[in-house]
Structure formats: structure tokens, C-alpha cells
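Encoded as C-alpha cells, the structure appears first; notes follow it.
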Amino acid sequence: MAIYEFKVDTLRTGTYAASIDDLSSRVLSLDWNDGMADSYDQFAPPARLKVNLENIDGVFNSDTLGAELVANGNFATWSGDDPSSWTVTGEVASDPYVNEVAADQLAGGAGTGACNLYSTSAALSIAQTILTAGTTYRVSLDISASSEATGYIGVYNGTTLISPRYHLTGSYVFYFNATGTSFKIETTGAVDMTIDNVSVKATSKYGFLLTRGMLCQLTVNVGVKFIGRLSRKDILPGSYGRRIAVLEFTDPMLELLDTEYQPPLQTNVTVDVAMAKIFDDAIAPFPYSAAYWMLGTQGASELGLTTTIYAPPAYSFETGVTTLNYVGDNQHEGGGGIQAQTFLRNMVDAEVDGRFYYNGHTGAFTFHNRHHDTLNALTSEPITDADFEADMSSFLDSADLINLATLSYRPRKVGTAGSVIWNADNLPITIRPLDTFKTTARYRDATLKNARIGAMDTIVPVPGTDFVVTDESGASANSSLGVHVTFNANSAAIVLINTVNEELTINTLQLRGTPLQTFDNRSVEARNDNSERASKYLPATYSIPALDDDDFAQQAVTYRVRKFSTPNTRFQSVGFIANNSSTRAGLIEFGVGDIVNVTDSWTGHNSDYFIVGSRHSVVMGGEHTHSVTFILKPRSPENFWVLGVAGYSELNTTTRLAL
């Protein structure tokens, strides 16, 4: 019987190390998918995991709060210069020291009703012993005054930090699960801060800890099957019936759909290099944005203390077979950003039969080039009609036929170096004293009506040539204007800073570089008349805007027709109950790229298939019924010619000419 382990990351560290993270014993059912949705998909949809959990004791409910546990949380009573009911540690005369002040006062204030913590360097803390290990708590507190010095205060359970490090005024709320009894507020570094209204109340164990974006990990027989972020939590209401909590998680592919990307210009790069740039540029941080440095964000901006420099998420990319002359220049004609997912789709399309997905088994974004399946020499695992369930499988007769294909692409032309690629509109531009002006410059060429312009070899703006500035007297003031330009593939972000205490007028503002002109779509086609005569006219159209080479476009469309000009009888999917036999149980471990041989005595079918996706459904209890459906891609259409490789080099005998 398979062993299932389901964990959540309540500490949000990616370690699943908290004592309450393992929810395996509460799982009632699991449903998840992996990889592609259909046989010939090149780009996977976001994978999803749905988990039904036992909630008879209400541990997943969100709106339960116990009694107040903090004594004197409003600091109304004091014993000498220490707050009553609190244990003060680290106080030494007047530095560090704790002092009663008014809520809006700092150290030395003469008011009452709030607690000031002051230290030039040494740690200072106030604490109460009020917690119970294993209980989850809601904490709230006010920082009513702060000198915003270099130090911070944090809230601790014993020696474990359980809150962000605070240094700004505000009202704060957070939740944690206790591992000890001590509740402590402690300073780090130079601090002059006043706190008030400290509250701690017990709440449900998981209700407020399970927040959107939290990681989960599902393993089956010690092998990881799914990693994703919480996207939805539902609690079944009512006084009767089974009490269930429903959690839904989505893998990181969803991050790419919601993220905007402004691609830089890349030249003469393979598809994998173009795609890697999007991850190296911190477009979609994973697992948590707050784990990396975020400028100005409290709790995520203390570099080396609470955060680290950005590291890209794990990815495993094969070297692309397609080399692109230009990338990024025509991805978005409006000059703005593009969905990260759309950019990646365009790159995978340019590979022509590549594959991109998030591999939940390895925890890495994964790219297979177009030769991956052709060169896949894995031995196939048999699945017979004694193994698969007919009502869970799909068998197609005379499928996948294409005898006319049309492919559109975008030719490019390199213009003259040092050309003006943008001029500011509505000149002159006036910038007030010490003010900042920002604009986005969409590259353009007024002499080429139908061309969309990218730019390469851009030139840093030169004073007196690319910008001309005068002051209020009309005198030249080019040196008084700070000019910062971020050049992207088809636009630039411009920031102009008036550094003096008088108004500046910009009379000329332009950008120069080498224009990269993209013209209207061009198309090529390929057809197979014999295929059309034997069946019927079956066309298909493709658009690959990243391509600009006439010869390669023709080869790509010819390859497509050659591959699908003969109808294919095949399994689209095959489903089975994994725990009905030891053979099927072993198939639980299979994933994208593995090979199975499917035989069916009724149809006489016997063929090898690549697994390109899967769906799983598990009902816990009893036999733990585990239903599996593999999405299959036939191995036979991948038999293309590969020089010098036996079984791949007998052109027109065992193989066909590949792209």
C-alpha cells in the first residue's frame, strides 16, 4: 500500500519543519494533476492539488479567539520604572532602559500609558510566561512612536523570532504556533521605540496560519509528487454532516500568468538562454518574495538579517535546438510589459515541439528541447488491457491528421547605428525644483510606417545632444539634470531628476541606438497532396512571432506536415487503479518523459507512448483507492533521422527527416 505524506509550511521557510506541519493523518482525499493537459501540448497549465481534510475539531476554522492572556498589555500600571506583570531583562541604568511615556513620546518623555524601549546597542526585552506549546495565537501590538534608528524590535517565543522585525510606527497583527511558554518583545541594535496595546489570544490551530501563498508538499512513497502555493481555503459550514476543510494549491506556473515582464533585447541565443533570463531577473521569486531583499518593505529589507540577495528559482533547461536572431524586440507592440507566461510560450513555440512545465517531482521549472523525445532511449513499461480501465481511458481512431499547414512569422531588419529611436513629445518639459519626472519611451521610426521598432546598441544619453536643458534665466543647465535610462528591447524607462532649487526646462530629449525593425507578418505553407487525396482537406495555422528567418520558417512548417500527414490511431490517455496490483502500484512513480507500452487485445493495438501529463485521485481509508490517468503522446511520430544513431539513421526506413 502506498504511503502518502502531506505537509504545509506554516513557518514560511520552505522547510516544513514545524511540529504541526504534517497533516497526513487528517487527509480524507487528494486530487492533483501534473504536466500537460493534452498529448501534443508544449506548455503546461498550472498544476493543482485539492485536499479534503478532517475538521471535526475546528482546527482549520478562522474566526475563533480565546480570552486575553497578556496582563497589563496597555501599560497602565507600573512598578517603579518597570511595567507591572512584565519581566524586564537587559536594563542597565539609562542605557538600555525601559521607561513609561505617553504613546506619542520617545525616550525621556514625561507622559504615561505606554512603554518605551531604549538602547544604543545592547539587547533589551520585556516578557511574560503565558503561552502553551502547541497552541496557535493571535498577537497584536502598536508601535506608537519610533526614532527609526538602525535597530529593530521583534517578538519571540523563547529564543525563536515569531514576527517580522519592526522599526516603523503602526499597528501590527500576526499569528504563530507556540513551541514554548515565553512571550518576549526584544530589541536589536540601536532602538528608541514606544509600544502599546500588546495583546495575545489563543485561536484555532491552523485557521490563520494557512494563508494564501503558503507552500505545501505532497509525497507518495517518499517521492515528491507536488509542490505548490495555497490559492484557496474553504470550510464546510453547518451544524450537521461531516466537518471538512478544503484546501487548493497551485504550482508556480500560475505565478508566470500573473507576472509582467519587460524583456531585454537578446541576440543570437538559443531558446533556453532566452527563457532563463526571465528567472534570473527576479520576475517570479519562489518560494516566497519576502525571503529575498525587498527595498523599503519592513521585515524584508534587512539584508543579511531577515533576507538574502535574490536567487532564481530552480530550473532545468535542455539546450535549445533553435537559435533566435533576436528576442524581446517584438514581444509587445505597445512598448509595455508582457505576461511572463506569454513570453515563455512564444519561446517554446519557437523551439517547435519543445516542452515547458513545472516538475513537482524535482521542484524545478523544466524545458525539453524538440529532440528530447526523439532521443529518449528509456525502456517502456508495459500496461495491458488487464491493467487499464476502459472507462478511464481514451482511444482515438485516425487522429492528428494535418495535410496543409501555414506558419506566420516576423521578419526583421537592422537599421543604421546611432539613429534616433525616440523623441519626446510635447516639448518643452518643465520640472519643478528638486522634483522628478518619469516617462516610458516607446521606440519609433517615423520614416517606416509599417515597422515596429526594437533597438540594439543603445547609447547612454549625451548632454547637449540627447538632452538640452536651461534654467530660469535661460542659461544652459545640462549638468543640473540627472538622467537615468533603463533600455529594454522595445522601450526605455526614463527618470529625470532636477537636482537644483530652481525650475528647469528640457528643450530636447531623445534616445539613440541601432533600430531593429519588425515588419508585418509573413507566412509560409507546406502541404501533402497525397494525404489530402486519401482523406480530406485538413489545415492548421501557427504563429511564431519570435522567428524571423525565412528558411527556418519553411523548414518548421514542412516538418509539421511531414509529422502529421498520416492519420494516427492511438491512446490519448490511459487510466487505472494503481493499488489493484503491484505492477500498477509501481506506475505511481512515473512522470513526464517516462515511456509506457500500451497493448489492447480487443483492438490489436500495441504501441509505445511518452507520458506527458497525469491526473491522480486518492480516497483515504480502507484500501486507499488511487486512480491514475496518464496523458499520452505516441512515440512513433518521433522517429526522425538522427545522424549516426542506429534506429534513427535509416532515412525513410525507420525514420523521417527531422527539423
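Side notes on the structure shown:
- Scope the range 352-392; condition small (Gly, Ala, Ser) and open to solvent by less than 30 Å² (accessible area, probe 1.4 Å); matching residues: Gly354, Gly360, Gly363, Ala364
- Failed condition for Gly575, given (1) under 31 Å from the mean Cα position of the chain (by Cα); (2) at pLDDT below 90; (3) of a type in the set (Gly, Ala, Ser): (2)
- Residues being within 22 Å of Ser39 (Cβ to Cβ), in contact (Cβ under 8 Å) with a residue 40 or more places away in the chain, open to solvent by 30 Å² or more (accessible area, probe 1.4 Å) and not aliphatic (A, V, I, L, M) - total across the range 529-557: 5
- For the range 440-470, filtered to residues that are at pLDDT below 95 and farther than 16 Å from Val420 by Cβ, the residue that is most open to solvent (accessible area, probe 1.4 Å) is Lys449.
- Pair list, Cβ under 7 Å, 6 or more apart: the range 6-23 residue under 10 Å from Cys216 (Cβ atoms) and free of Cβ contacts under 8 Å to residues at least 24 places away in the same chain, other residue open to solvent by less than 70 Å² (accessible area, probe 1.4 Å) and of a type in the set (S, T, N, Q): Asp21/Thr10
- For the range 568-580, residues that are touching an Asp or Glu at 6+ places or on another chain (Cβ under 7 Å) and open to solvent by 40 Å² or more (accessible area, probe 1.4 Å) total 2.
- Answer from Asn330, Asn346 - the residue that is under 23 Å from Ala493 (Cβ atoms), at pLDDT 85 or above and open to solvent by less than 50 Å² (accessible area, probe 1.4 Å): Asn346
- Of the strands (runs of 3 or more DSSP E) entirely within the range 11-103, those holding at least 1 residues that are closer than 25 Å to Leu141 by Cα, open to solvent by less than 60 Å² (accessible area, probe 1.4 Å) and hydrophobic (A, V, I, L, M, F, W, C) occupy 87-89, 97-101.
- Considering the range 226-285, and only residues there that are open to solvent by 60 Å² or more (accessible area, probe 1.4 Å) and assigned to a helix (DSSP H, G or I), the residue that is modelled with the lowest pLDDT turns out to be Leu257.
- Some residue of the range 583-598 being modelled with pLDDT under 90, under 18 Å from Phe388 (Cβ atoms) and buried (at least 20 other Cβ atoms within 10 Å of the Cβ): yes
- Candidates Thr499, Thr486, Thr505, filtered to the one that is surrounded by 15 or more Cβ atoms within 10 Å (Cβ to Cβ) and touching a strand residue (DSSP E or B) at 6+ places or on another chain (Cβ under 9 Å): Thr505
- Any pair with Cβ under 6 angstrom, 6 or more apart, that starts in the range 381-402 at a residue that is touching a residue at least 24 places away in the same chain (Cβ under 8 Å) and more than 15 Å from Ser565 (Cα to Cα) and ends at one that is among the polar types (S, T, N, Q) and exposed (fewer than 14 other Cβ atoms within 10 Å of the Cβ): Asp385/Ser601
- Residue in the range 461-484 that is in contact (Cβ under 8 Å) with a residue 60 or more places away in the chain, of a type in the set (A, V, I, L, M, F, W, C) and assigned to a loop (DSSP other than H, G, I, E, B) present: no
The values are calculated or read from the model by the stated rules, or taken from the named source; none is laboratory data. Computed from a predicted model, the values in this text were never measured in an experiment. Positions of Cβ are backbone-derived with ideal geometry, glycine not excepted, and every protein chain shown enters the neighbour counts. In case anyone asks, the SASA skips ligands and DNA or RNA and just uses the protein heavy atoms, side chains included. Shrake-Rupley method; radii C 1.70, N 1.55, O 1.52, S 1.80 Å.
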